[in-house]
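Student: One structure, as structure tokens, below. Some questions next.
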Amino acid sequence: LVNNFTFAWVGAEKTGARWQEWYAQHESGERFVCLVKKDGRIVGYGSLLAESTYKPFEEDEVFEIADVWIAKPEREQGLATLLITYFESIAHDEEATYIGMGVPLYAAYAAAQCLCVRLGYLPDGQGMTYKGVPVVPGKQYSVDDDLRLWFIKDLSAQQDEE
């Protein structure tokens, strides 16, 4: 995992520490981690939090999809859709009413923004956040992975269908 998914701006040491933390959280039930395999190779990953780190989701018990990543050569093959749908099924099995995710706002995440909408996610109505805190008009923020718009999906329609 560290060899395949270390980003230049993070480095191998921090990536390894993150995977160790995720593993411990997975073992404790705090985070559900899923790896995406294709032809025996790990080509992506994601995680699901039953207790969101985003305050409005935490307060409303919204499950949070976090850190979905598919390797560039494997994109546009439906793997992210499968992963998100799988997380929805887990949240549904846990009797969650809602599931959501925060998506960065710059062009590198345009496909993720569009995918959210195609899969039935809508903005949560709270506006943008920076590091999970609502942005303040007139204040400057870095345009990076921490500047996000949060999307939410109602799972109760799926529960009604059963």
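Student: Give all pairs with beta carbons closer than 8 Å in which a residue from the range 16-39 that is farther than 22 Å from E58 by Cβ meets a residue that is open to solvent by 60 Å² or more (accessible area, probe 1.4 Å) and modelled with pLDDT under 90; count only pairs at least 6 apart in sequence or on separate chains.
Tutor: W19/L1; L35/L1
Student: Is there any pair linking a residue in the range 94-120 that is over 18 Å from G78 (Cβ atoms) to one that is of a type in the set (V, I, T) and open to solvent by 80 Å² or more (accessible area, probe 1.4 Å), with Cβ under 6 Å and at least six apart or on different chains, and which?
Tutor: Once the first residue is over 18 Å from G78 (Cβ atoms) and sits in the range 94-120, its partners that are of a type in the set (V, I, T) and open to solvent by 80 Å² or more (accessible area, probe 1.4 Å) give Y106/V143.
Student: Enumerate the pairs (first residue in the range 54-79 and without any contact (Cβ under 8 Å) to a residue 60 or more places away in the chain and in a loop (DSSP other than H, G, I, E, B); second residue anywhere and crowded, with 16+ Cβ neighbours inside 10 Å and not charged (D, E, K, R)) with beta-carbon separation below 8 Å, excluding pairs fewer than 6 apart on the same chain, so at least 6 apart or on different chains.
Tutor: D60/Y98; E61/A96; E61/Y98
Student: Here's something else I'd like to know. Inspect the range 80-88 for any residue being open to solvent by 30 Å² or more (accessible area, probe 1.4 Å), in a helix (DSSP H, G or I) and among the aromatic types (F, W, Y) and give the result as yes or no.
Tutor: The answer is yes; a qualifying residue exists.
This table checks each residue for (1) in contact with a helix residue (DSSP H, G or I) (Cβ under 6 Å, 6 or more places away or on another chain); (2) open to solvent by less than 30 Å² (accessible area, probe 1.4 Å).
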position: I70; (1), (2): yes, yes
position: G78; (1), (2): no, no
position: M128; (1), (2): no, no
position: V133; (1), (2): no, no
position: W150; (1), (2): no, yes
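Student: Is there a residue being assigned to a strand (DSSP E or B) and surrounded by fewer than 16 Cβ atoms within 10 Å (Cβ to Cβ) anywhere in the range 139-147?
Tutor: no
The values are calculated or read from the model by the stated rules, or taken from the named source; none is laboratory data. Small disclaimer: the values here were computed from a predicted structure and weren't measured. Neighbour counts run over all protein chains shown; Cβ positions are idealised from the backbone, glycine included. Heads up: the accessible areas ignore ligands, DNA and RNA and are worked out on the full protein's heavy atoms, side chains in. Shrake-Rupley method; radii C 1.70, N 1.55, O 1.52, S 1.80 Å.
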